[in-house]
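Down below is the structure, laid out as structure tokens.
The values are calculated or read from the model by the stated rules, or taken from the named source; none is laboratory data. It should be emphasised that the depicted structure is a prediction, and the values quoted were computed from it without experimental measurement. Every residue, glycine as well, gets a Cβ built from its backbone with ideal geometry; the counts of neighbours run over all protein chains shown.
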Amino acid sequence: MQITAAQVKELRERTGAGMMECKKALTETGGDLEAAVEAMRKSGMAKADKKAGRVAAEGRVEIVSEGNKAVLVEINCETDFVGNDDNFRAFSAQCAQIALSSGAGDVEGLMAETVDGQTLEEQRTQLIAKVGENVQVRRFDRLQAEDALGFYQHGTRIGVVVSLKGGDEALAKDVAMHIAASKPVCVDESGVPQELLDKERAIFKAQAEESGKPENIIEKMIEGRIRKYLAEITLVGQPFVKDPDQTVAQLLDAKGASVTGFLRYEVGEGIEKKKENFAEEVMAQARGA
């Protein structure tokens, strides 16, 4: 049977796939639109399975808030090009909105949420078929503030949410900007993991012992370095980026505020990217030839 341009157009609008792929699906299903949609969804699943093992370390972070609650989400793809694609951006924004409004406790639960009759997981696999890259919703966290929430996004790659007790939104935004730039590990000393502190203390001790100084002096050297280390990794100990003459703790004290929590995501952090060596690749192909 003859497939009309109107049928192809409708299928493209339903699936977002290319014209030739839509025409082929309609031809194979005898012009049955619903059967073509189902076939293309199955095809999309197959493409998604093939791409699932590919490294997705690019993408974007999304921040969505409502009242005193906010969510930070990271969605990954393989290239900057797809990271800026309108379809990818729309999917990312929808994931963030659902993460805020739903009761999902983890990514698996989030992907099972339904929007317009489809789960987010189904939408993800269709997006993979559309953009031709692996797409992953990597993580999300929510944060609730007692008094003020602050947000800062550096492009689409770094996102920060901070909650304050006391203070106001302007202060919270300044602190969020500081967190984006200075990458603190935690708010204060109480949040530093003990294993991290023990590891650094062992390193400082080994370094100090090489000086040959007496044990009591070595202990003082270690404590001094630990204090310096804590000032570097804790939010309140760091010099405030907009005024390095005062620490973040001093800034907060002057405003009668304290930080009750923060979230900081950077796209791709902790993901091992594949390193391409094109010279070796060419040599290997030459040897094979």
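Within region 182-230, which residues are under 30 Å from the mean Cα position of the chain (by Cα), part of a helix (DSSP H, G or I) and surrounded by 13 or more Cβ atoms within 10 Å (Cβ to Cβ)? Quick ask: steps written out before the conclusion?
Going residue by residue through region 182-230, those that are under 30 Å from the mean Cα position of the chain (by Cα) are 182-200, 228-230.
Next cut, part of a helix (DSSP H, G or I) only: 182, 189-191, 194-200, 228-230.
Of everything in region 182-230, those that are under 30 Å from the mean Cα position of the chain (by Cα), part of a helix (DSSP H, G or I) and surrounded by 13 or more Cβ atoms within 10 Å (Cβ to Cβ) turn out to be Ser182, Glu189, Gly191, Leu196, Leu197, Glu200, Tyr229, Leu230.
Somewhere in region 151-160, is a residue part of a helix (DSSP H, G or I) and crowded, with 19+ Cβ neighbours inside 10 Å? Full working, then the answer.
Taking region 151-160 first, the residues part of a helix (DSSP H, G or I) are none.
No, region 151-160 has no match at all.
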Quiz item: Can you tell me how many residues in region 231-259 are under 26 Å from the mean Cα position of the chain (by Cα) and hydroxyl-bearing (Ser, Thr, Tyr)?
Solution: 2
Exercise. Please go through region 121-150 and pick out each residue that is part of a strand (DSSP E or B) and acidic (Asp, Glu).
Key: Asp141
Quiz item: Take the residues of region 55-75 that are among the charged types (D, E, K, R) and under 17 Å from the mean Cα position of the chain (by Cα): which is modelled with the lowest pLDDT?
Solution: Glu58
Practice problem: Pick out the one residue from Glu108, Glu146 that is in contact with a Lys or Arg (Cβ under 6 Å, 6 or more places away or on another chain) and surrounded by fewer than 19 Cβ atoms within 10 Å (Cβ to Cβ). | Solution: Glu146
Quiz item: Looking at region 76-105, which of the residues that are aliphatic (A, V, I, L, M) and out of contact with any Phe, Trp or Tyr (no Cβ under 7 Å at 6 or more places or on another chain) is surrounded by the most Cβ atoms within 10 Å (Cβ to Cβ)?
Solution: Ala96
